[in-house]
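Colleague: Quick one: the structure is below, and I'll ask about it shortly.
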Amino acid sequence: MERTAAARTRDAPRRRAAVTMEQIEAFLRSLERRGRAAGTIQAYRRSLTRFYQALPPDKRVGRDTLSRWRDDLLAQGYTARTVNAALSAANSLLDFLGQRECQLVRRLAVADQAQPELDRREYLRLLSAARTQGNERAYLLVKVFAVTGLLVHGLPELTVEAVRANALAPEPGGPRRPIPATLREELLAYIRRRELTGGPVFVTRSGGRSLSRTAVTAAIQSLAGDAQVAPEKCNPRCLRKLCQTTLAEIEADVRRLVEQTRDQLLEKEQRLVGWEARDPP
């Protein structure tokens with residue numbers, strides 16, 4: 001029996017429409033209408049912007065798109081927990097767009113034990129070891145990741161031009177921020193000594209290409225022995241995590257100081273004009 005045209009159309013591979021930023025914004029608005037928290041929507045926005053940037057030029061999603069993106073995120077140093085959150089956002093978007101066949105449902109296992117973390121004393125020992133070895137490039141690589149929170153695949157964006165302009169985006173596509181002054185001075189001195197005129201600051205000794213992830217990790221791990229730091233802690237991911245942890249601790253201290261200052265002000269005002277204050281002003 002000859003199949004109907006409708007059946008043939010239904011069974012034929014469907015050409016998927018390209019994903020657009022307008023669709024992403026429409027999806028985010030739908031979350032807002034459903035009462036999702038502002039923080040959740042912002043997290044989705046960051047993940048989906050990163051997802052959109054990772055899509056091929058035609059911005060079409062295939063059955064293996066999410067698995068490829070997952071592997072790329074892991075290679076960039078994101079934790080399994082962060083990758084799972086990003087995939088959840090992308091899966092929700094694809095459901096909204098009616099492309100469930102392209103979802104990646106399987107989640108990454110999150111290890112119960114904590115990932116190795118570098119503390120500031122170990123970080124300082126890495127810097128001291130680099131100085132003792134006379135290894136300026138390794139010294140600066142350690143400092144760049146620990147001070148700026150730069151992703152390893154964003155290292156090519158640390159250019160001579162970016163250092164001179166004092167503007168660096170820790171994450172590709174993210175906002176540019178000033179480079180901390182002490183690090184910038186050392187980078188400018190390195191640029192002058194190497195007589196660099198433009199392009200990435202850290203390049204291979206032959207060919208002038210930007211350093212690969214493997215080369216960056218090898219340079220940092222070359223300090224492990226002298227620094228007496230476990231090699232598994234000597235990588236861009238651990239240094240970036242140290243940056244994030246340090247900033248979070250500083251921000252918590254600032255919040256506590258603000259709250260203490262507020263409380264002191266309120267107590268002072270209470271003594272002056274509190275309902276049960278002895279003497280009116």
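Colleague: For Lys59, list the lysines whose Cα falls under 18 Å from its own Cα; do not include residues on the same chain fewer than 8 positions away.
Modeller: Within reach: none.
Colleague: Mean separation of Cα pairs under 8 Å and 6+ residues apart, divided by the residue count of the range 11-102: what relative contact order is that in percent? Numbers along the way, then the final one.
Modeller: Numbers: 57 pairs, mean separation 31.5, N = 92.
Reported relative contact order: 34 percent.
Colleague: Below 21 Å, Cα to Cα, which lysines can Lys233 reach? Residues fewer than 8 away in the same chain don't count.
Modeller: Within the straight-line cut-off, Lys233 pairs with Lys143, Lys241.
Colleague: What's the longest uninterrupted piece of the chain once you rule out the trypsin sites (Lys or Arg not before Pro) that are loop residues per DSSP with at most 11 other Cβ within 10 Å? Could you put the intermediate results ahead of the total?
Modeller: Working: sites that count: Arg3, Arg14, Arg15, Arg34, Arg106, Arg205, Arg278.
The longest uninterrupted stretch comes out as 107-204.
Colleague: Check Arg177: other-chain or 5+ apart residues with amide H under 5 Å from its amide H, H built from backbone geometry?
Modeller: Excluding prolines and chain starts, which carry no amide H, the hits are Leu168, Ala169.
Colleague: Once every DSSP H run of n ≥ 4 in the chain is given -39500 (n - 2.57) and the sum is divided by its residues, what mean residue ellipticity at 222 nm do you get, rounded to the nearest 500 deg cm²/dmol?
Modeller: Details: 12 runs with 163 residues, N = 281.
It comes out at -18500 deg cm²/dmol, rounded to the nearest 500.
Colleague: Given contacts defined as C-alpha pairs under 8 Å and at least six residues apart, what's the relative contact order of the range 120-242, whole-number percent? Each step should come with its number before you reach the end.
Modeller: Details: 154 pairs, mean separation 43.1, N = 123.
About 35 percent, as a whole number.
Colleague: Which whole-number percentage describes the relative contact order of the chain, with Cα contacts under 8 Å and a sequence gap of 6 or more?
Modeller: Relative contact order here is 16 percent.
Colleague: With only Lys, Arg, Asp and Glu charged, each at its Cβ (+1 for the first two, -1 for the last two), find how big the charge dipole of the range 38-183 is about the Cα centre; round to the nearest 20 debye. Display every interim value, and only then the final one.
Modeller: Working: 21 positive and 14 negative charges, 38 e Å.
The dipole magnitude comes to about 180 debye.
Colleague: Let me ask something additional. Along the charge dipole of the chain, Cβ charges K/R +1 and D/E -1, which of Ala230, Ile24, Ala277 sits furthest on the positive end?
Modeller: Farthest along the dipole direction, towards plus: Ile24.
Colleague: Specify the longest stretch of the chain that does not include any exposed loop site, a site being one of the GluC sites (Glu not before Pro) with a non-H, G, I, E, B DSSP assignment and at most 16 other Cβ atoms within 10 Å. All intermediate terms of the calculation are to be shown ahead of the outcome.
Modeller: Details: sites that count: Glu2, Glu117, Glu195, Glu276.
For GluC sites (Glu not before Pro) (loop position, at most 16 other Cβ atoms within 10 Å), the longest site-free span of the chain is 3-116.
No value in this document is a laboratory result; all are computed from the given coordinates. Keep in mind that this is a model prediction, so the values were computed, not measured. As a convention, Cβ positions derive from the backbone with ideal geometry for all residues, glycine included, and neighbour counts pool all protein chains shown.
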